[in-house]
Amino acid sequence: MSVRMHIPGVSDLTAENKSPFVYNQWYVAALSKEIDDQPLARTLLNEPVVMFRDGDGEVSALADRCCHKALPLSAGLVEAGGIRCGYHGLLFNGAGQCIEIPGQAIIPKRAMVKSYPLQERDGLIWIWFGDEQTPQPTCDAPNYPVHNDPNYVWDGDVYHYQAPYQLIHDNLLDLSHLGYVHLKTIGGDAKIHMNADMKTTTEGDSVTVVRHMPNVTPPPTYSAAFPFKGPIDRWQEIDFQVTHLKIWTGGADVGSCDLNDPNRGGFHLKGFHGITPESETTSHYLWTMATNPALERESVLQKVIDQTAFTFDEDKVVIENQYRNMKQFGNQPMISIHVDSGANRARLIMERLRTQPA
Ligand code: FES
Ligand SMILES: [Fe+2]
């Protein structure tokens with residue numbers, strides 16, 4: 001079967017009036033740890049944004065363009081009351097209003113820049129991208145309690161991809177690739193991955209893929225972080241949402257727990273994956289990885305983070321290579337195989353939501 005795909009720069013088989021991105025969503029703009037006393041510039045959904053933390057610790061996001069002479073505000077300085085432009089010193093608060101023009105008493109009403117709704121929750125900074133009808137959020141940003149769970153330790157990083165967001169979705173929804181791409185860390189026998197018992201379900205705008213692999217050899221990352229006795233029962237639970245995925249993978253000694261028990265033991269990797277388009281053809285990948293340390297907390301965390309970064313570097317190489325080749329070969333059909341069910345469903349959801357005008 002051939003697959004209908006929207007791949008920017010390669011083919012666009014969708015209706016011409018579709019927006020390139022899905023709007024009316026909370027996207028991950030940054031990890032909390034990225035924003036300290038310096039401004040952070042990041043282009044999100046084709047819009048250059050500057051983020052900064054004021055004297056009260058509140059994070060704000062403004063259009064990265066001074067309304068005086070258009071210097072990027074990210075070239076300025078953060079102060080307790082806001083961000084000061086680095087050209088003529090206009091000071092803007094978190095709402096985007098100019099609150100000081102050095103040497104001028106009257107501040108014109110038009111002296112303001114666009115501000116974006118922002119919420120910082122559980123170590124993640126979320127930004128609302130609404131359409132013209134819905135510029136303000138219709139709900140709170142998602143929470144992520146794993147980051148506050150005392151049973152887990154976590155850290156994360158932000159990667160930039162020379163590839164469209166859809167290809168990162170595909171990769172994360174299809175973990176059969178572990179046996180071919182990630183042999184040094186979380187892989188294992190490729191045939192076992194390709195033959196895993198797999199269940200895919202759709203509910204509203206989300207997709208869930210659950211995969212079980214009983215009685216298998218633990219892969220290197222698992223063995224390095226957890227004292228398994230021998231073979232393990234492995235699980236992979238993927239929860240796709242429009243702007244992010246939560247992926248819970250892990251393993252337990254064979255027969256030691258029920259793989260459907262949400263409170264099961266063993267070794268856990270709980271990954272958070274924020275996929276935020278920079279443009280139609282480039283993406284930000286904001287990830288965190290949490291684990292339940294059975295051994296010494298800090299050394300287990302370091303091992304898990306180092307091996308996760310190594311693993312995600314491998315994905316980046318594959319996905320960017322894949323996208324380069326798609327552009328090279330142009331609009332040629334692709335086939336779909338059994339492991340693509342989750343990715344195909346997610347793609348249908350994104351296509352449906354992209355029909356909304358920007
Ligand atoms: S360009 Fe920003 S103050 Fe002049
Ligand atoms: Fe991967």
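The values are calculated or read from the model by the stated rules, or taken from the named source; none is laboratory data. Bear in mind that the values here come from a model prediction, so they are computed numbers and not experimental data. Here Cβ is always computed from backbone atoms with ideal geometry, including for glycine, and neighbour counts include all displayed protein chains. Just so you know, the surface numbers come from the protein's heavy atoms only, side chains and all, with ligands and any DNA or RNA stripped out. Shrake-Rupley method; radii C 1.70, N 1.55, O 1.52, S 1.80 Å.
Rounded to the nearest whole Å², what accessible area per residue is found for the chain with the 1.4 Å probe? Could you put the intermediate results ahead of the total?
Working: 16370 Å² over 358 residues.
Accessible area per residue: 46 Å².
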Karplus (6.51, -1.76, 1.60) ³J(HN,Hα), θ = phi - 60°, over segment 90-105, in Hz, Gly and Pro reported as x: 4, 10, 10, 8, x, 8, x, 7, 6, 10, 7, 10, x, x, 9, 6
Percent accessible area from carbon and sulfur atoms, the chain, protein chains only, probe 1.4 Å: 51
Solvent-accessible surface (1.4 angstrom probe) belonging to Met334, in square angstrom, nearest 10: 60
Dipole magnitude of the chain about its Cα centre (Cβ charges: Lys, Arg +1; Asp, Glu -1), debye to nearest 20: 660
Taking the convex hull of Cα positions in segment 25-129, its mean projected area over all directions (nm²): 6.3
Listed peptides 313-326, 222-235 by packing density, highest first (mean Cβ within 10 Å): 222-235, 313-326
Crossing angle, helix 297-329 versus the chain [Cα axis fit, 0-90 degrees, rounded to tens]: 80
Relative contact order (percent, whole number), the chain, Cα cutoff 8 Å, 6+ residue spacing: 21
Listed pairs Lys33/Lys191; Lys33/Lys184; Lys191/Lys303; Lys184/Lys270; Lys18/Lys191 exceeding 31 Å between Cα atoms: Lys33/Lys191; Lys18/Lys191
P(r) of segment 145-354 over all Cα-Cα pairs, binned every 5 Å from zero, in whole percent: 1, 7, 15, 20, 21, 17, 10, 5, 2, 1, 0
Relative intensity, log₁₀ I(q)/I(0), of the chain from a Debye sum that treats every alpha carbon as a point, q = 0.06, 0.11 Å⁻¹: -0.25, -0.80
Other-chain or far-sequence residues with amide H under 5 Å of Gly82's (modelled H): Gly55
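Stick to Cα atoms and the Kirkwood definition of Rh, then tell me Rg/Rh for segment 248-358. Spell out each step's value before the answer.
Working: Rg = 18.4 Å, Rh = 17.6 Å.
Here Rg/Rh amounts to 1.05.
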